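Have a look at the structure below, then the notes.
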Amino acid sequence: YLKISKLALAFAIIHSKPPGKSSKEYIEYLAKTVSKQDFGWKWKVEVLEAEVLRLRQELLLNRISPRFCLENRKQDTSAETLLGRESINPTSYSSELEDSGCDVCNDSAFDSLGVASDFHQPEHNVNTSKHWLERVPPLNLCHTSKEQSLTAPVQFLQRLLEIRKLSERGILQADFSELENDSFTICNSVSQLLDGLTVFYNSPKFPAPSFLTEGICVLISLITDTKLSNHILKKCFKKMEEFKKNLIQIILRTRSVNRFQALHSVSEVLGLLGRNNILRNSLISHLLSEVRQFAEQLLQAHQVQSVYDITQYENIFLLCMILEQLLQNETQGSNISSSDYGEEEKIKFLKNLDQIILHLSDEFPLFSLYLWRVSVLLNSGQMQ
């Protein structure tokens, strides 16, 4: 029946084609017409889905704290004024990402986020940035489609963080158990935020737009908040894992000549994500796997004197630095056993590592040194 239907459709198209146009040209014209109609419907569906999500976000916030939503409606703040504001003083962060060459040695990157400067401190010392939480824009602002991937979820999650802060101070009564009852809204909002961040890090702009900085602030605040992070990570752990893997691949695969500052900012985000105990363990496992695989590939290329990927070799050092920093924090003050971040992956990394270092040390001394330092940190954690 399907074959007969296709044959009948083909004859109908041939018989109905206008004069002066071949059957192939007419079929291509019909296909373009149908695809345009499909695109229009898809766009309408996306707009309606975004509106449904926005309404669900407002409903969830109202369930958590009706008083907050009521007071928020009374505020008379214009959309144009809010859009023109710099929410968290992105000047210093943007200056770090100006396209000035390969200088990535400035340790003040991400200080504007209010969290990177105390990277070595325990998690309970991390405070949510006060500046941008004090002025959260309404949820119904219109943005360009590119910004929408970040601004829409950021606004909702900012409000959630503000309710958390006000409830902690005793100013508002809030029932965060409602987060358990609406996993769809939380998962979709966090997924949109992570997808938006991935898009911008795949093709970074200089200087970084302020809403990108806001998105990072919201993400870090969510995973460092002791009460909200449990809800967020429990429902969005797989998406967070995918986000970390995407950032690692961005670091490894980016090949632009002037890439180092953008990759440095990505590595800073990975370091900040690693401050969360749950995310840190899986992040260490991912990094161990990537560094081990590259070391084995480099050894194989060296032994047969074949060409290796020089760009990936340059980029791997960022992963090594992140891995070393996370392992140092693990051995210095963490109560979590090193086996929690993947005993199997650690065994794979340490297996034959001495032989790999021995064969690569003459040709690749810096990379061999990093491998040795990581192995020392892994063994010291095991001894503890």
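From Cα pairs below 8 angstrom and at least 6 apart in sequence, can you work out the relative contact order of segment 151-275, rounded to a whole percent? Let's see the in-between values first.
On the way: 74 pairs, mean separation 36.0, N = 125.
About 29 percent, as a whole number.
For the peptides 285-292, 48-55, 264-271, what is the packing order when you average, over each peptide's residues, the other Cβ atoms within 10 Å and list the highest mean first? Could you put the intermediate results ahead of the total?
Numbers: 285-292: 20.1, 48-55: 13.1, 264-271: 21.6.
Output ranking for 285-292, 48-55, 264-271: 264-271, 285-292, 48-55.
As a test of understanding, state the convex hull volume per residue of segment 1-69 from its alpha carbons, in Å³. Each step should come with its number before you reach the end.
Working: hull volume 8.0 nm³, N = 69.
Each residue corresponds to 116 Å³ of Cα convex hull volume.
Once fully extended, how much extra length lies between ASP38 and GLN355, figured as 0.36 nm per residue of separation less the alpha-carbon to alpha-carbon distance? Walk me through the numbers before you get to the answer.
Details: separation 317, 0.36 × 317 = 114.12 nm, distance 5.78 nm.
In short, 108.3 nm is gained.
Using a/c under 1.5 as the rounded threshold, could you call segment 183-239 rounded, prolate or oblate? The axes a ≥ b ≥ c are square roots of the C-alpha gyration tensor eigenvalues, and prolate needs a/b larger than b/c, oblate otherwise.
Working: a/c = 2.84, a/b = 1.76, b/c = 1.61.
Prolate.
Starting from the 7 Å offset along Cα-to-Cβ, what nm value, one decimal, do you get for the label separation of GLN249 and LYS234?
My value for the distance between the label points is 3.0 nm.
Would any residue of segment 253-286 have its amide N under 16 Å from a label point 7 Å out along Cα→Cβ of ASN202? List them or say none.
Correct set: 253-256.
Would you calculate the separation in nanometres between label points at VAL52 and ALA12, each defined as 7 Å from the Cα along the Cα-to-beta-carbon direction?
Label at VAL52, label at ALA12, 3.1 nm between them.
Quick check of the Kirkwood formula: for segment 151-275, what is the inverse mean of 1/r over all pairs of different Cα atoms, in Å? Show your work: numbers first, answer last.
Working: mean 1/r = 0.0649 Å⁻¹.
Hydrodynamic radius (Kirkwood, Cα only) of segment 151-275 equals 15.4 Å.
No lab work stands behind these numbers, since they all come straight from the coordinates. As the structure is a prediction and not an experimental result, all values here were calculated from the model. Here Cβ is always computed from backbone atoms with ideal geometry, including for glycine, and neighbour counts include all displayed protein chains.
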